[in-house]
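Bear in mind that the values in this text are calculations on the coordinates, not laboratory data. Predicted, not measured: the structure shown is a model, and the values here were computed from it. Here the Cβ positions follow ideal geometry from the backbone for every residue, glycine too, while neighbour counts run over all protein chains shown.
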Amino acid sequence: MLSPSLLHDLWQLIEELPTYSLLGWDDTRLVSWLLEQFEHRSCLKEEDRASLEQYLDSHLLLIREMAEANQYCALAV
């Protein structure tokens, strides 16, 4: 199970990443890339990494929807 602080850090990272990165890759590559980006920021235990990978897999639709919404808002300004 992921800690609240780990989840907070993950979603903060996702919010900061460029939209084209979140929308431009297939699911497998996106999960790998997000894990790499997260690991650049903090050291993960093996069990946290596995949990984070599962979490990302199950939340890809939400991540992409948020990226699309951010892209739309940026274009509207």
Legend entry - Single residue of M66, M1 found to be in contact (Cβ under 8 Å) with a residue 12 or more places away in the chain and loosely packed, with under 11 Cβ neighbours inside 10 Å: M1
Inset, instruction - Go through (1) surrounded by 14 or more Cβ atoms within 10 Å (Cβ to Cβ); (2) more than 11 Å from the chain's Cα centre (by Cα); (3) closer than 20 Å to E65 by Cα one by one and return the number of the condition L6 breaks. - result: (3)
Inset, instruction - Output the residue which, of all residues in the range 9-59 that are without any contact (Cβ under 8 Å) to a residue 12 or more places away in the chain and part of a loop (DSSP other than H, G, I, E, B), is farthest from A69 (Cα to Cα). - result: K45
